[in-house]
Each structure stands twice: as C-alpha cells, then as structure tokens.
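For reference, the structure discussed in these notes is given below.
The values are calculated or read from the model by the stated rules, or taken from the named source; none is laboratory data. Because the structure is a prediction, the values reported are computed rather than measured. Note: ideal-geometry Cβ built from the backbone for every residue, glycine included; neighbour counts use all protein chains shown. Remember, those area values only see protein heavy atoms, side chains included, never the ligands or the DNA or RNA. Shrake-Rupley method; radii C 1.70, N 1.55, O 1.52, S 1.80 Å.
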Amino acid sequence: MNKEEIIQKVAILLKEIPSSMEVVKDDSKRDKRFHYLATHMVNKAIEKDALIISENGKGIAILFKTSKEDENFWKELPTQLGLLWNVTGFKNAIKILKTQKHIKMQRPQEGEYLYCWFWGILADARGADTQVGKEMKDEFYRRAEKYELPLFAETRMRQNALVYQRFGFELFNEWQHPSGDTMYFLKYIPHKLRK
C-alpha cells in the first residue's frame, strides 16, 4: 500500500472520531482539511517509525515511543502553524490547547512510554469476527513488551474504551471533556513492569 492510500484511509477514519470532528474547521474546505491532518499524521508516524498497518491494510495505528522531554514548542511551531492555518482555524486552536494540557497531564511526566495517538479500523473490517483488531493489539503488546514501556491511550468513544479494556488495557481515569463527552484514559503495563 502506498503512502497516499494510507493517508486517504486515515482521513476517512478521522471523520468518525469526535476529537477530530471538533478540531477540523467546518467550512467548504473540510475534506481538504481532513486530508491535510491525515497527511501530517502519517508523515510524522513514518518519521518516528510509529506507523502500524494491519496485514489487510484496513487497520491503521500510530504508536509513538515518547516522553515528556520530547515536547519542544519551538521545534513544533512551524508544524503547529501549518495545522492552525490548514486544519483547525484560530477559534478551534484555543479550545484544543486547553483540553490538550489536561490530557497530557494524564500521561507519565517522567521517563519513556508508548502512546497510541491514533487507532482506526475501516468499517468493513470491524466486528467480533474480524482479526484486524486482534492483530493490531498483538503488535501494540509486542512493542510494549519489547521496549518494556507502559502504553497509554485515550478515547471519547465509550465503545472503543470497552474494546481497549477487553484487549487488556486498564481504565485508570475518566474526565468530563468540555464537549460534554466522557474521555477515557487507558494504559497497558507490560509483564516485566507489573508488581
């Protein structure tokens, strides 16, 4: 599968996620804005060796190995300005900054960890009888065990939070998001780090 195909699939999946639906400016350029965001995400995932694609190409995830020290405002500024101009618009950007601060505080403040920035499965590959979710979950766990790092994720979709928990993640916090939704914070601790 080539990069443009991956970007197209991520753009489709982003249109189902409450957080991206809120942050992408709602105007006549909305489809282009989703494509820009998907391009940004896929490029960043490739750069950081964080892109995971299921065998059939219908499941896509971005799983970063990161730490709080990786955050660099000045280094990220050109990218953030591009997103402001091409995706969010100024009004949405202010809302995003407020919620992101709280969300980031739920992740480890010291040391490295894995962070699931994105995980989506195309509609025709979802369901209890498909292997795509299991295949991707197994890859998440393989990386967590290999690096001996905890894995963190969050979602505002209750069904997704239940799937994460069914796959072995622990729900460690819930937060009333400013949108009115509940945000679920989840983690997976590799076997070697469990007490």
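Suppose we filter LYS187, LYS137 for residues that are touching a Pro at 6+ places or on another chain (Cβ under 7 Å), crowded, with 20+ Cβ neighbours inside 10 Å and under 29 Å from VAL24 (Cβ atoms); which single one remains?
Result of the check over LYS187, LYS137: LYS187.
Return yes when LYS15 is touching a residue at least 60 places away in the same chain (Cβ under 8 Å), open to solvent by 80 Å² or more (accessible area, probe 1.4 Å) and in contact with a helix residue (DSSP H, G or I) (Cβ under 8 Å, 6 or more places away or on another chain) and no when it is not.
On the way: touching a residue at least 60 places away in the same chain (Cβ under 8 Å): no; open to solvent by 80 Å² or more (accessible area, probe 1.4 Å): yes; in contact with a helix residue (DSSP H, G or I) (Cβ under 8 Å, 6 or more places away or on another chain): yes.
It is false that LYS15 is touching a residue at least 60 places away in the same chain (Cβ under 8 Å), open to solvent by 80 Å² or more (accessible area, probe 1.4 Å) and in contact with a helix residue (DSSP H, G or I) (Cβ under 8 Å, 6 or more places away or on another chain).
Starting from residues that are open to solvent by 50 Å² or more (accessible area, probe 1.4 Å) and either part of a loop (DSSP other than H, G, I, E, B) or among the aromatic types (Phe, Trp, Tyr) (or both), keep the ones in region 145-160 and report whichever is nearest to VAL23 (Cα to Cα).
That would be MET157.
Taking helices (runs of 4 or more DSSP H) that fall entirely within region 1-63, which contain at least 1 residues that are at pLDDT 90 or above and within 25 Å of THR99 (Cα to Cα)?
Of the helices (runs of 4 or more DSSP H) lying wholly inside region 1-63, those with at least 1 residues that are at pLDDT 90 or above and within 25 Å of THR99 (Cα to Cα) span 3-14, 30-47.
Determine which single condition VAL163 fails, assuming it passes every other condition in (1) hydrophobic (A, V, I, L, M, F, W, C); (2) open to solvent by less than 60 Å² (accessible area, probe 1.4 Å); (3) in contact with a strand residue (DSSP E or B) (Cβ under 6 Å, 6 or more places away or on another chain).
With (1) hydrophobic (A, V, I, L, M, F, W, C); (2) open to solvent by less than 60 Å² (accessible area, probe 1.4 Å); (3) in contact with a strand residue (DSSP E or B) (Cβ under 6 Å, 6 or more places away or on another chain) applied to VAL163, the lone miss is (3).
How many residues are part of a helix (DSSP H, G or I) and hydrophobic (A, V, I, L, M, F, W, C) if we restrict to region 96-144?
Step one: list which residues in region 96-144 are part of a helix (DSSP H, G or I), which gives 96-105, 123-125, 132-144.
Adding the requirement that they be hydrophobic (A, V, I, L, M, F, W, C) leaves 96-97, 103, 105, 123, 125, 132, 136, 140, 144.
Total meeting the criteria: 10.
Between ALA125, ALA144, which is at pLDDT 90 or above and small (Gly, Ala, Ser)?
Values: ALA125 fails: at pLDDT 90 or above.
Among ALA125, ALA144, only ALA144 is at pLDDT 90 or above and small (Gly, Ala, Ser).
Please name all residue pairs, on different chains or six or more residues apart, with Cβ atoms under 8 Å, provided the first residue is in region 145-170 and is on the phi > 0 side of the Ramachandran plot and the second residue is surrounded by 13 or more Cβ atoms within 10 Å (Cβ to Cβ) and assigned to a loop (DSSP other than H, G, I, E, B).
GLU148/PRO190
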